[in-house]
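None of the figures in this text is laboratory data; all of them are computed from the coordinates on show. Everything numeric here is computed off the predicted structure, so don't read it as measured data. Every residue, glycine among them, receives a Cβ derived from its backbone with ideal geometry; neighbour counts consider all protein chains shown.
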Amino acid sequence: MPPVEPAPSRYVFDLSEAPPGEDFLGTGADLEPATVLAAYRAGAFPMPVTRRGAMGWWSPDPRGVIPLDGLRVSRSLRASMRRFEVRVDTAYDDVVRGCADPRRPGGWIRRDVAAAYRRLHDLGWAHSVEAWSVGPEGRERLAGGLYGLAVGGLFAGESMFHRERDASKVALVALVDMLRAAGGAGRLLDVQWATEHLVSMGAVEVPRPAYLRLLARALPLPPPPLLPPAPTPPPR
């Protein structure tokens, strides 16, 4: 089913006067579904300034994106992919909790942020891509994954985590494959900032004006079905 469109937000995001080269736009607004969607459609997203302070709104310049035809998958990662089963939206809350673990470096996901994206998940906008394995005792285990928003042809990756080596990378590769299968032309995979880890997998930086052009091309597209590969039990 298509996602449910909430009533319009009372907030408007306009990046036409955003200073070039500056990532931070300001604080304020709320985290209602319509507000968060309006931000993404304008090229912005929420992220707390501090663990307890005001909500910040960001639009990195340059912006990190992964071209769907530019993903780099190493030989060792291809071998790791055989150890996991990929699923979509079967453990959304667990994935967000894994990403929000305060013991992780950069664990910025507060309760209000998690609650906001849970509401978007209930409406059909936020999704998790999960990598599952089977432990020595024969029990299934969520080994890692990622979550983000699918808004038209934009998939905005929010965060990823792993409990087993390469699990989050396997989830990312599966996401790219699913976006390609949905018709990759015009689709946009936004990763916010091109970290060293993501650059190793093909992420590139684009100036904000170029990102906004890519976004305008992506938003009118239908959302991807996000159908994972046919499940095959991981090797025991």
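In the chain, Rg over Rh equals 0.95, where Rg is the alpha-carbon radius of gyration and Rh the Kirkwood radius from pairwise Cα distances. Between Val49 and Met81, full extension at 0.36 nm per residue minus the direct alpha carbon distance yields a gain of 8.0 nm.
Rounded to whole Å, give me the distance from the Cα center of the range 1-62 to that of the range 95-158. The two parts, judged by their Cα centres, are 19 Å apart. In a simple Cβ point-charge model (Lys, Arg +1; Asp, Glu -1; nothing else charged), the chain has a dipole of about 660 debye relative to its Cα centre. Within the listed set Ser159, Ser133, Ser16, the Gaussian network model of the chain (springs between alpha-carbon atoms below 10 Å) gives the highest mean-square fluctuation for Ser16.
For the range 153-166, putting each phi into the Karplus relation 6.51 cos²θ - 1.76 cosθ + 1.60 with θ = phi - 60° gives couplings of x, 8, 10, 9, x, 9, 6, 9, 8, 8, 10, 10, 4, 6 Hz, in residue order, rounded to whole numbers and with x for Gly and Pro. Two tests apply to each whole DSSP H helix in the chain, Cα reach of 18 Å or more along its axis and mean Kyte-Doolittle hydropathy of at least 0.5, and the ones passing both are 167-181.
In a fully extended conformation the segment linking Leu15 and Arg180 would gain 56.5 nm over its present Cα-Cα distance, using 0.36 nm per residue.
Beta bridges assigned by DSSP with both partners in the chain are antiparallel in approximately 90 percent of cases. Based on Cα contacts under 8 Å between residues 6+ apart, the range 63-218 shows a relative contact order of 34 percent. Take each peptide in 148-157, 201-210, 169-178, count the other Cβ atoms within 10 Å of every residue, and average; sorted highest first, the result is 169-178, 148-157, 201-210. Neighbour counts of C-beta atoms inside 10 Å place Val191, Val134 in the sequence Val134, Val191, starting with the fewest. Dividing the summed helix terms, -39500 (n - 2.57) for each DSSP H run of n ≥ 4, by the number of residues in the chain produces a 222 nm estimate of -8500 deg cm²/dmol to the nearest 500.
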